[in-house]
1. Tell me, yes or no, whether segment 26-46 has at least one residue that is within 30 Å of LEU74 (Cβ to Cβ), of a type in the set (D, E, K, R) and surrounded by 10 or more Cβ atoms within 10 Å (Cβ to Cβ).
2. Please tell me if LEU79 is open to solvent by 90 Å² or more (accessible area, probe 1.4 Å) and outside any helix (DSSP H, G or I).
3. Going by the conditions given, is ARG73 in a helix (DSSP H, G or I), within 30 Å of VAL89 (Cβ to Cβ) and not aliphatic (A, V, I, L, M)?
Amino acid sequence: MKKERLISEIFIMAIICFAAFHALKSIYGSVQRQIFLYGQIQALKSGQKQAIEINKDLHDGLTSYRSPAGLERLARERLNLVGKDEIMVRIGK
């Protein structure tokens, strides 16, 4: 009787150890995943801040091009256009 009880207890202890091992392994994996996701969140927040600043710069640029002076500056800088009585001189670098 004692021998059967000892075998039964050893079997139960082995099952509990096996379950505890897998529970700890799952907890470790979950913590690792949380750390990874936190890093991803920080990278996304940084990217979002950069995108907001770029969007603001673009919006400010569009706003400045809505005025006649802004349109003239755009034509001169980006399209290489000149005024009616002007001559364009290009100097190579």
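1. If we filter segment 26-46 for residues that are within 30 Å of LEU74 (Cβ to Cβ), which is where we start, we get none.
Checking segment 26-46: not a single residue is within 30 Å of LEU74 (Cβ to Cβ), of a type in the set (D, E, K, R) and surrounded by 10 or more Cβ atoms within 10 Å (Cβ to Cβ).
2. Values: open to solvent by 90 Å² or more (accessible area, probe 1.4 Å): yes; outside any helix (DSSP H, G or I): yes.
Spelling it out, LEU79 is indeed open to solvent by 90 Å² or more (accessible area, probe 1.4 Å) and outside any helix (DSSP H, G or I).
3. Working: in a helix (DSSP H, G or I): yes; within 30 Å of VAL89 (Cβ to Cβ): yes; not aliphatic (A, V, I, L, M): yes.
It is true that ARG73 is in a helix (DSSP H, G or I), within 30 Å of VAL89 (Cβ to Cβ) and not aliphatic (A, V, I, L, M).
The values are calculated or read from the model by the stated rules, or taken from the named source; none is laboratory data. Since the structure is predicted, the reported quantities are computational estimates derived from the model, not experimental observations. As a convention, Cβ positions derive from the backbone with ideal geometry for all residues, glycine included, and neighbour counts pool all protein chains shown. What goes into the accessible areas is simple: the full protein's heavy atoms, side chains included, and nothing from ligands, DNA or RNA. Shrake-Rupley method; radii C 1.70, N 1.55, O 1.52, S 1.80 Å.
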